[in-house]
Amino acid sequence: MNSPVDASVKGDILIVDDTPDNLRLLSAMLGRHQLGVRKALTGQWAIAAAQVAPPDLILLDIKMPEMSGYEVCQRLKADPTTEAIPVIFISALDDAIDKVKAFAAGGADYITKPFQEAEVLARIAHQLELRRLQAQLVAQNEELVRSNRELEQFASVVSHDLQQPLQSILGYTKLISLAWPDIQQSPARPYLENILEASGRMQQMIQDWLAYAQAGQAQPPMAPVDGNALMDQVMLNLKAALTDTGAELIYGDLPKVMGNEVQLMQLFQNLISNALKFAKPDMRPQITVSVDPQPQAWRFGIHDNGIGISAEHLGQIFEAFQRLHDAQTYPGSGIGLATCQKIVECHGGRIWAESQLGLGSTFYFTLPAPPSDGG
């Protein structure tokens, strides 16, 4: 009993066989199930037809004069116009080595003659459905890339446009304090301080927005980066925060990594700043930077003795705008770790965290080693 092809699965199928009777048989069979059919008697005709109007599927005989089915398939797969077209070989050859050669040439499936109609239809339906799903996935990925690009551009434009009015607010607030010194002793002083504090938070948020948007843009230029020089600059940038908290930052000799120096500095700075921010109020912060060799890479760890993260929240920490604590107790924009994830992934690495509530956290990430270093 014949198994009809699902009515929702349509296709334009190119049949390639040098025997007219085989072409007529297959064409009649597929036509009965509302499948569109084109025919080619030679490999050259098949290649030309596929290049002009790529079919959804090709049924390809192996033994043909002048050009075998293997060669036809190889040429189709070598052409960007036709490489994605699935090819089902149909042949009287039933030896295992023939099937291996068919798949090595780029075939998606193999049917042995004399074939059963139900089998042919089932394999065709399967390949057409796979092709439909692949096309759907490609379209969804393209839409996702476009949406992300638009979001990043929007964030960058909005952030830049907010910079100027915010600078004006900060500037005029400071001018008021300078022009009227007596205001420092008046009831208006708390209001001015609130304006400056809120403006400062907004300024930090804008800078974080810009960093997050820029981290997701085109691949930055990569070069060998000296880990020790990088950490020296990070220490200098965080000098005030380290001094204010009395934190101890411990690290040994750090290797060279392959990356973008600006983004890597931001990565280390964000993670160390995060450790400082979530320190225990009654304990001196201690942050240790470790490094271990991996194949062609280095695994870094930023260990702290802070408040830690509960297991139920550990999977959420790299999501943008995800807050586990209130902004008053632990201020921030909520996108620092999301930016770190973008930077690490942009460098071809991965980032993850291990933590125990009340005992501290460790953020691990991998970065590629320069080619000469080997990792």
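The table below gives the values:
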{"quantity": "Partner lysines for Lys39 [C-alpha distance under 29 Å; skip if fewer than 8 residues away on the same chain]", "calculated": "Lys10, Lys63, Lys77, Lys99, Lys101, Lys113"}
{"quantity": "Hits among lysines - C-alpha to C-alpha of Lys280 under 23 Å, sequence gap 8 or more where chains match", "calculated": "Lys239"}
{"quantity": "Tail beyond 22 Å, pair distance distribution of the stretch 223-368 (Cα, percent)", "calculated": "35 percent"}
{"quantity": "Gyration tensor (alpha-carbon) shape descriptor, the stretch 217-269, a/c threshold 1.5", "calculated": "oblate"}
{"quantity": "Charged-residue dipole, Cβ positions (Lys, Arg, Asp, Glu), the stretch 223-368 about Cα centre, Debye nearest 20", "calculated": "120 debye"}
{"quantity": "Histogram of C-alpha separations across the chain, 20 Å bin width, %", "calculated": "22, 32, 27, 16, 3, 0"}
{"quantity": "Val100 versus Gln356: modelled label distance in nm, points set 7 Å from Cα along the beta carbon direction", "calculated": "5.3 nm"}
{"quantity": "Tyr172 paired with Arg24, simple spin-label distance in nm, labels 7 Å along Cα-to-beta-carbon", "calculated": "8.9 nm"}
{"quantity": "Coordinate range along principal axes, alpha carbons of the stretch 12-115, Å, largest first", "calculated": "33, 32, 23"}
{"quantity": "Potential extension, Ile195-Leu93 segment - 0.36 nm per residue separation minus Cα distance", "calculated": "28.5 nm"}
{"quantity": "Spin-label pair Arg132/Glu71, simplified geometry with 7 Å Cα→Cβ offset, distance in nm", "calculated": "3.7 nm"}
{"quantity": "For the chain, size of Cβ-based charge dipole, Lys and Arg +1, Asp and Glu -1, in debye", "calculated": "340 debye"}
{"quantity": "Value of [θ]222 nm, deg cm²/dmol, for the chain, DSSP H segments ≥ 4, -39500 (n - 2.57) each, nearest 500", "calculated": "-16000 deg cm²/dmol"}
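Bear in mind that the values in this text are calculations on the coordinates, not laboratory data. Being a predicted model, the structure only gives us computed values, none of them experimental. Here Cβ is always computed from backbone atoms with ideal geometry, including for glycine, and neighbour counts include all displayed protein chains.
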